Amino acid sequence: MPPTATNPTAIVFDWDNTLVDAWAGIVAALNEVFAQFALPPWTVRQGRERIRGSMRDSFPALFGDNWPDAVAAFAPAMQRVHLGHLAALPGTAAMLDVARAWKLAIVSNKAGPFLRREVQHLGWNPRFGAVVGAGDCDADKPHPAPIWHALARIGVQPGPAVWYVGDTALDMQTAHAAGCTAVLLGDAAHDGGLALMQKSDCPPGLHYADAGALALALGGLTRR
């Protein structure tokens, strides 16, 4: 069966809320920084709904001219807490077992050093040929550079036969910008919902309700 948009040559995954739940750690570290700048704390739900861009793209809006100091304060806070709040989402490990029939990579807006530490903590390094985070390229998602960089690392050309799997509209924008098939995992309830996303300029080309559904689809492709 030749590679097509529904039979990928490679699969690239987002990280947070796609493969893992790490929101409590992210928000705990962010709230430490908010306290230093006399800003009100966020709940985990608010963090899930509001955090999309990388620090260099989102911190200027949060902290104004003080954003470089906020970035410097966030790093040690995150270092202390993030692994203690990290957990694979249900069914993810089993889905990745099926997905190993393809070349795999991760592209996230989590800072590269934290991202790679989390992948290592879960023992997942052997699963992925490339792990690309914020700051690893000249621009972060939704710019396509991180996906292109990851694909170059695993020896795959961008195109519709590459899937980019994520949980937000920003992930769908990134996939479209990179020329890849946008695959939505989950219901996007934290990002306006599936119906709104389908009406956007960058709708998902494929949609799976959860890791189990994606595993079934990939298993069907391997049997073909």
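Each value in this text was obtained by applying a stated rule to the coordinates, not by laboratory testing. Quick caveat: nothing in here was measured; it's all calculated off a predicted structure. No Cβ is skipped: glycine too gets one built from the backbone with ideal geometry, and neighbour counts run over all protein chains shown.
Could you tally the net charge around Phe13, taking each other residue with its Cβ under 11 Å from the Cβ of Phe13, Lys/Arg +1 and Asp/Glu -1?
Numbers: positive: Arg127; negative: Asp14, Asp16, Asp167, Asp171.
Net charge in that neighbourhood comes out at -3.
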Inset, instruction - Could you size up the charge dipole of the chain around its Cα centre, putting +1 on the beta carbon of Lys and Arg and -1 on that of Asp and Glu, and report it in debye to the nearest 20? - result: 600
Inset, instruction - Using a 10 angstrom cutoff on alpha carbons, build the Gaussian network for the chain and name the most mobile of Asn66, Asn125, Asn31. - result: Asn66
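Tell me whether region 1-111 comes out rounded, prolate or oblate; compute the Cα gyration tensor, take square roots of the eigenvalues as a ≥ b ≥ c, and use a/c under 1.5 as the rounded threshold. Each step should come with its number before you reach the end.
On the way: a/c = 2.98, a/b = 2.12, b/c = 1.41.
Since a/c reaches 1.5 and a/b is larger than b/c, the shape of region 1-111 is classed as prolate.
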Inset, instruction - Under 1.5 on a/c is rounded, so check that first for region 51-117, then, if it is not, pick prolate when a/b is larger than b/c and oblate when it is not; a ≥ b ≥ c are the square roots of the alpha carbon gyration tensor eigenvalues. - result: prolate
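FRET efficiency for Leu206 and His149, Cβ-Cβ distance as r, R0 = 30 Å, nearest 0.05?
With R0 = 30 Å, the Cβ-Cβ based efficiency is 0.85.
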Inset, instruction - Would you be so kind as to identify which of Asn109, Val119, Gln173 lies farthest towards the positive end of the dipole of region 109-181, taking Lys and Arg as +1 and Asp and Glu as -1 on Cβ and the Cα centre as origin? - result: Val119
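Among 156-167, 134-145, what's the highest-first ranking by average C-beta atoms within 10 angstrom per residue? Mind showing how you got there, number by number?
Working: 156-167: 22.7, 134-145: 19.8.
So the peptides 156-167, 134-145, ranked by packing, come out 156-167, 134-145.
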Legend entry - Inter-part distance where region 147-224 and region 113-131 are each reduced to a Cα centre, Å: 20
Legend entry - Rounded to 5, the percent of DSSP beta bridges in the chain classed as antiparallel: 15
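Would you please classify the overall shape of region 103-224 from the alpha carbon gyration tensor, given that a ≥ b ≥ c denote the square roots of the eigenvalues, rounded means a/c under 1.5, and beyond that prolate means a/b larger than b/c while oblate covers the rest?
Numbers: a/c = 1.43, a/b = 1.19, b/c = 1.20.
Rounded is the answer for region 103-224, as its axis ratio a/c remains below 1.5.
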Legend entry - the chain, helix-only ellipticity at 222 nm - DSSP H runs n ≥ 4, -39,500 (n - 2.57), divided by all residues, nearest 500: -13500 deg cm²/dmol
